[in-house]
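In what follows, a structure is listed as structure tokens, so that the remarks can point back to it.
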Amino acid sequence: MKIDSKPLRYAHAEGHTDVCYTEDGRHIITCGHDGDVRIWLDIEDDDPNSHCVGENALAVCFKDSRLYVATDNHAVQAYTFPAFDKDGIITRFTAPVTQILSKPKIEALGCTSENMEAKICSLEGGAPLFVMSEHKGPVLSIAICPHMKYACTASGDGAMRVWDIDTQKVVKEVTCVPKINTFFAAKVLCRMDFEPSEGKLLAYPQNREIVILDCESWSQRMTFTHSTIKCAISQCLFSPCGQYLAGSTVAGQIAVWEVESGTCIGVIEHPTSHNVSAMAWNPKGNGVLVYCDVAGQLGMLVNCYGKESARAGSDDVEMVERAEDDDNDEILDNLIENYESDDDNAISLEKIKNETLGLVDKGDSRPTSAAPPPAPATTPPQPPFQPSATPVHLEHRYMCWNDVGIVRCHTADNGESSIDVEFHDSGVHHGIHLNNYLNHTMASLSSHVLALACETPSKLVCILLVGSSKEWSVSMPETEEILCVVATSGLVACATNARLLRLFTPCGTQRQVISLAGPVVALAGFNTTVLATYHHTDPGLSDQHLAMDIVALNGRQVRSKTVPLPLTPGSKLSWIGTTDVGSPCAYDNTGTLRLYDVSSSVWMPICDTTTHSKGASDSWFIVSISEPTQKVRAILCRGTSFPLTVPKPIVAELSIQIPLCELDTEKAQYEEQLVRWAHTTSEVDVKAARETALKLFALACRSEIEQRALELMELLKDDRLLPLAAKYASRLGRMHLADKLSNLAETWERDADKFNIAQNSHFQELETQETYDVANTEQDLNESLIIPQKTIKRKIENDTPIKPIPIKPSPGGARNPFRKQQETAKVVQSPLTLTERTLVEVHATKDPSDVIVCVSDSLKPHEGETFVDWFSRNKSSLEKENPELTPSELTRHCVRTFKSLQSKNTENGLKRKLNESIEEPSVVNTPKQSKLSAFAFSKKT
């Protein structure tokens, strides 16, 4: 009888799924990407026993009444059966375990891992019997011969190796595996198998065929293939009797051959063409083969030996009588359907209706299976976690590691636990040692407070690091459990399973309670701002749908903004936090770090950590991010996703880089610098910024792309850079481009006047509205788009402090509600301020007709006098001479007048000191203020 396929059953979430049989063949055991292990009585079991072992489980094996599962902590955990109690850890790896294997005649376990190692371990644990560590890629599979003489492994470096267990040497190496750098990207698993009775044959897949090797001479004995197999075979498996061989392809085809004759018994097509991830023969030897696919579905093939008593073509009535226990009506319907479809001369009213009128739905009249169709598999939602923390189950773990310090937790064998706090700067606080009586599992550290929390009993404990170092605590309601906690210099926050965000002051005053729109994932914060990340909607087939609430506190007021959180397709959030100046950042498990620019409300990728990794299994553990130095401080984790506590890991610095196209070219490198400086608060030298812009302009001119050069100047919109670009273009003989550049300055001035008029009218309309407080001034709205606007001012060594120019209110009473009113605001030099040398070059191009020549002697600046002092001294007379000008127009007019007077003094031989350069109206900014303060607001006066 031909091979029959049972309907597929939904077993686990989408992802790699493994399957095995118990030794008596009575139970099917599966594990999957959802972290569950399920025990089935049969393929038609509608209520299998389910046990959760972690976030995911990649491999399962049954041996001697015990169950061995590969858990998410990279260990092989033993469980009793059927009680499913933990029975010890067999071995550990530093990366996910990819396969666990054993056979009836083998009293050992073969384990493989993504950390490029394979082990043969004792069933009782302890030191491994044999470690195979010469692989150069993740190990995908392992096979052991019945006499424990040889072992075979296949790895992602492209090679299958046969090992002599006694000598621990490689005796045979075959190139048959597609090269990959991670197990999760492998389609061909290259699962090989030794013949189970004597172990004289080794079968392994190679492209579209299965090759049989002689284990004595290691020569090729035979190959198995079939004309209907159109893609690569992923795995092969001998039947318990050794007479049959099954193989599966990456497209879900399963074929069975008879070993002696080489004939193919049948090829079964997968209903959904998903890759088969695991197969297992029933130990009873009844020709039953179960399999799982990467979609988490469980299937079964029967009659794989082709020796069942019921044969195709027998009498229809006899077949119905043998199936008295089955649904006779369904069998009769199937027989009638087959008869009608095979006999062209048969007359069927239903067939005529279907072909002509289409009145009868074939699927509705004859259901193919009583089982409901499997629901589409979705990715399980990501559980909550603490940023910069290692897994909770570890005996020695990091509870927090940030730019303030390190919080470690140590758990002894007797269950006693302690917490150590180490500060990077001993001036902040001395080290702290605590007995972890409440079994705290979450911690967050800032320069003002240490916050600790536990789930059960759910209690928040905070230790003040400033002042008298007092401790306070608060218990959650009985129905709530703390899932995440964060501490900053201005507040403490925790998120609970009731989807509530509870805010406290550092000293313990309850500040606010906010409802979140979904299950929380992680918390971060800066000063008086909290970043709450949660599930925006249910996850899709492969993606997590996350959003982030930016909650800013200003006194008694609270402001919030919700932004979607982008992730790489199929990835999860690994870390969330802020830079040292307050920009929100997010990092996923694919190695992409993103920064949220508050001013432009966009997420930007700023670092791809995979480019800094050497091994395929390496990952980076983010510690902190610095915008002024443009560096990401992180720890390299080789073969794992988190660092070990001993020895103390070394923190490396990775450069921030915007992933523009063709970064190996000089043009793209200059473009990347300008874009990065424009969107991050960096320590940018103004001279270097202008030099980079001019180099990019020069590249466009040399490439004979004048339109790109002109476009660049229009984009930069820097009137101090424009004369230099025009002078460079004229030296190259591109007079047409130089003329266009000269006309740009006049165009910008006309546009600025029109913009100021529209802006003043707009502010007048918004005067009665309550708006967010931003640190921009009127000049900011007209500044360059790429030349960096966010810089940190160097110290100005002047005896006389420079004060902002007071702006007289407009006659209509309009005011700028966006202007920040702070008494302690620091003066920050604009990155567009000219040096002395550039100033002379720029003013040499000015039109003398625009400068007022006839001025009184009282307006002449004194020697060394700055524009601010000169303007304050002559303000009343200047207002009388120009009563028709608005305050902003008057300021610009006075700047031109002052420059012309200074140039006259220079022409008359007056000495000018270098430190007495012309000062422009300074831009009021607060560099130490968080970017997130844009979401705060000041009360209208």
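Numbers below:
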item	result
Residues (crowded, with 17+ Cβ neighbours inside 10 Å and aliphatic (A, V, I, L, M)) located in the stretch 380-431	ALA389, MET399, VAL404, ILE406, VAL407, ILE419, VAL421
Among (1) in a loop (DSSP other than H, G, I, E, B); (2) farther than 30 Å from HIS16 by Cα; (3) at pLDDT 90 or above, the one test that GLY582 misses	(3)
Single residue of VAL485, VAL449 found to be buried (at least 17 other Cβ atoms within 10 Å of the Cβ) and in contact with a Pro (Cβ under 9 Å, 6 or more places away or on another chain)	VAL449
Those residues of the stretch 245-278 which are under 36 Å from the mean Cα position of the chain (by Cα), open to solvent by 20 Å² or more (accessible area, probe 1.4 Å) and aliphatic (A, V, I, L, M), in sequence order	VAL250, ALA251
Subset of the stretch 102-139 that is among the β-branched types (Val, Ile, Thr) and in contact (Cβ under 8 Å) with a residue 24 or more places away in the chain - its residue that is nearest to VAL76 (Cα to Cα)	THR112
Qualifying residue in the stretch 593-603 (condition: open to solvent by less than 40 Å² (accessible area, probe 1.4 Å), over 17 Å from ALA389 (Cα atoms), β-branched (Val, Ile, Thr) and in contact with a Phe, Trp or Tyr (Cβ under 6 Å, 6 or more places away or on another chain))	no
Total residues in the stretch 640-679, condition small (Gly, Ala, Ser) and open to solvent by 60 Å² or more (accessible area, probe 1.4 Å)	1
Hits in the stretch 452-473 - residues which are assigned to a strand (DSSP E or B) and open to solvent by less than 30 Å² (accessible area, probe 1.4 Å)	LEU452, ALA453, CYS454, LEU460, VAL461, CYS462, ILE463, LEU464
Flag if GLY242 is crowded, with 22+ Cβ neighbours inside 10 Å, at pLDDT 85 or above and not aliphatic (A, V, I, L, M)	no
Which numbered condition ILE90 misses (of (1) open to solvent by less than 10 Å² (accessible area, probe 1.4 Å); (2) in contact (Cβ under 8 Å) with a residue 60 or more places away in the chain; (3) under 21 Å from LEU140 (Cβ atoms); (4) not aromatic (Phe, Trp, Tyr))	(2)
Among residues of the stretch 42-62, those that are more than 32 Å from the chain's Cα centre (by Cα), more than 21 Å from THR98 (Cβ to Cβ) and outside any loop (DSSP other than H, G, I, E, B), counted	1
Neighbours by Cβ (under 8 Å, 6+ apart or cross-chain): first from the stretch 148-175, touching a residue at least 60 places away in the same chain (Cβ under 8 Å); second assigned to a strand (DSSP E or B) and surrounded by 20 or more Cβ atoms within 10 Å (Cβ to Cβ)	TYR150/ILE144; TYR150/VAL162; TYR150/TRP163; TYR150/PHE194; TYR150/LEU202; GLY156/VAL139; GLY156/LEU140
Extreme residue, most open to solvent (accessible area, probe 1.4 Å), among residues of the stretch 63-87 that are part of a loop (DSSP other than H, G, I, E, B) and among the polar types (S, T, N, Q)	SER65
Among the candidates GLU881, GLU889, residue that is open to solvent by 50 Å² or more (accessible area, probe 1.4 Å), at pLDDT 75 or above and closer than 30 Å to ALA726 by Cα	GLU889
Single match in SER155, SER113 (criterion: among the polar types (S, T, N, Q), over 28 Å from VAL256 (Cβ atoms) and at pLDDT 90 or above)	SER113
Some residue of the stretch 629-647 being of a type in the set (Lys, Arg), in contact (Cβ under 8 Å) with a residue 12 or more places away in the chain and in a loop (DSSP other than H, G, I, E, B)	yes
Odd one out for THR692, checked against (1) touching a residue at least 60 places away in the same chain (Cβ under 8 Å); (2) open to solvent by less than 40 Å² (accessible area, probe 1.4 Å)	(1)
Tally of residues being more than 16 Å from the chain's Cα centre (by Cα) and either open to solvent by 10 Å² or more (accessible area, probe 1.4 Å) or basic (Lys, Arg) (or both) across the stretch 541-562	12
Of all residues in the stretch 158-189 being among the basic types (Lys, Arg) and in contact with a Ser or Thr (Cβ under 9 Å, 6 or more places away or on another chain), the one that is farthest from PRO96 (Cα to Cα)	ARG161
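Condition check ((1) in contact with a Ser or Thr (Cβ under 9 Å, 6 or more places away or on another chain); (2) farther than 25 Å from THR182 by Cβ; (3) at pLDDT below 90) across all residues:
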residue	(1), (2), (3)
SER624	yes, yes, no
THR629	yes, yes, yes
ILE635	no, no, no
THR645	yes, yes, yes
ALA652	no, no, no
GLU662	no, yes, yes
LYS667	yes, yes, yes
GLN673	yes, yes, yes
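Yes/no per residue for (1) modelled with pLDDT of 90 or more; (2) open to solvent by 50 Å² or more (accessible area, probe 1.4 Å); (3) under 30 Å from SER613 (Cβ atoms); (4) in a loop (DSSP other than H, G, I, E, B):
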position	(1), (2), (3), (4)
ALA151	yes, no, yes, no
VAL162	yes, no, no, no
ASP166	no, yes, no, yes
ASN181	no, yes, yes, yes
VAL188	yes, no, yes, yes
ILE212	yes, no, no, no
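The values are calculated or read from the model by the stated rules, or taken from the named source; none is laboratory data. Since the model is a prediction, treat every value here as computed from it, not as a measurement. Glycine also receives a Cβ, built like all others from the backbone with ideal geometry; neighbour counts cover every protein chain displayed. To get the accessible areas, we keep the full protein, side chains included, count just its heavy atoms, and leave off ligands, DNA and RNA. Shrake-Rupley method; radii C 1.70, N 1.55, O 1.52, S 1.80 Å.
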